[in-house]
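The values are calculated or read from the model by the stated rules, or taken from the named source; none is laboratory data. Note that the structure is a prediction, hence the values are computed from the model and not measured. Glycine gets a Cβ as well: all are built from the backbone with ideal geometry, and neighbour counts include every protein chain shown.
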Amino acid sequence: MLKTTIHFLATIVITTVLISIVSSQLVLADIQSFGLDISNLNRLEVTAKDIIGIGPILLLMIGLSFLVAFIIARYSFRFFGGNKKVWTITAGLFSFPVTLYLIKYFMGVTILASARTTVGMLFIACCCAIGGWIYSILSTKPGDNTIA
């Protein structure tokens with residue numbers, strides 16, 4: 001149980017950092033499209049501040065969405081069969097984007113500027129799929145191919 005918790009926490013931390021980096025760079029690309037010049041040092045500084053600033057909230061939201069998604073993936077595998085890693089990666093892929101869509105539907109607000117565009121949502125989904133892949137690797141028991 002402790003190992004699974006550590007693997008889960010590592011997964012959400014990595015996914016949070018990935019989404020923060022991608023979101024920062026997409027917003028900076030939008031700013032740059034207005035003709036403003038952004039140096040690499042500014043990019044690095046903004047990205048670091050975003051990870052620190054929005055990271056804790058993202059960590060909580062991604063953690064909750066992954067928790068629900070990975071539980072659904074586990075039971076889906078039990079009832080429908082298939083490949084456990086594919087179920088986990090797919091759960092990761094849809095977890096946080098669905099959370100963002102639900103927040104937008106019920107509250108009328110998009111909490112991440114990068115999620116306002118299709119490309120931004122696609123990049124966020126890819127980061128979450130990577131998180132699902134990482135969790136599937138970390139939580140696979142040796143020689144068993146069973147996700148803990």
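How many residues are touching a helix residue (DSSP H, G or I) at 6+ places or on another chain (Cβ under 8 Å) and closer than 14 Å to G120 by Cβ when one looks only at the stretch 10-29?
So the answer is 11.
Per-residue answers, yes or no, for (1) surrounded by fewer than 19 Cβ atoms within 10 Å (Cβ to Cβ); (2) among the β-branched types (V, I, T); (3) under 12 Å from the mean Cα position of the chain (by Cα); (4) modelled with pLDDT under 90:
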site	(1), (2), (3), (4)
Y101	yes, no, no, no
C126	yes, no, yes, no
G132	no, no, yes, no
G143	yes, no, no, yes
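In this structure, is S39 out of contact with any Gly (no Cβ under 9 Å at 6 or more places or on another chain), of a type in the set (S, T, Y) and crowded, with 17+ Cβ neighbours inside 10 Å? Please lay out each step first, then the result.
Details: out of contact with any Gly (no Cβ under 9 Å at 6 or more places or on another chain): yes; of a type in the set (S, T, Y): yes; crowded, with 17+ Cβ neighbours inside 10 Å: no.
Taking the combined requirement at face value, the residue does not satisfy it.
Here is a list: L44, L36. Which entry is of a type in the set (A, V, I, L, M, F, W, C) and modelled with pLDDT under 90? Reasoning before the result, please.
On the way: L44 fails: modelled with pLDDT under 90.
It is L36.
Can you name every residue in the stretch 78-96 that is within 19 Å of T16 (Cβ to Cβ) and either surrounded by fewer than 18 Cβ atoms within 10 Å (Cβ to Cβ) or touching a Ser or Thr at 6+ places or on another chain (Cβ under 7 Å) (or both)?
Listed by number, the residues that qualify are T88, I89, S95, F96.
Restricting to the stretch 64-77, what's the tally of residues that are surrounded by fewer than 18 Cβ atoms within 10 Å (Cβ to Cβ) and in contact (Cβ under 8 Å) with a residue 24 or more places away in the chain? Before you say what the answer is, go through the steps one by one.
Restricting attention to the stretch 64-77, the residues satisfying the condition of being surrounded by fewer than 18 Cβ atoms within 10 Å (Cβ to Cβ) are 64, 67-68, 71-72, 74-76.
Applying the additional criterion that residues be in contact (Cβ under 8 Å) with a residue 24 or more places away in the chain yields 64, 67-68, 74.
Qualifying residue count for the region: 4.
Out of the stretch 50-89, which residues are part of a helix (DSSP H, G or I), modelled with pLDDT under 95 and among the polar types (S, T, N, Q)?
Within the stretch 50-89, S76, T88 meet the criteria.
Considering T47, T16, T4, which residue is within 19 Å of the chain's Cα centre (by Cα), farther than 22 Å from T90 by Cβ and assigned to a helix (DSSP H, G or I)?
Values: T16 fails: farther than 22 Å from T90 by Cβ; T4 fails: farther than 22 Å from T90 by Cβ.
Residue meeting the stated conditions: T47.
Give me the residue from the stretch 103-124 that is surrounded by fewer than 21 Cβ atoms within 10 Å (Cβ to Cβ) and not in a helix (DSSP H, G or I) and, out of that set, farthest from the chain's Cα centre (by Cα).
G108
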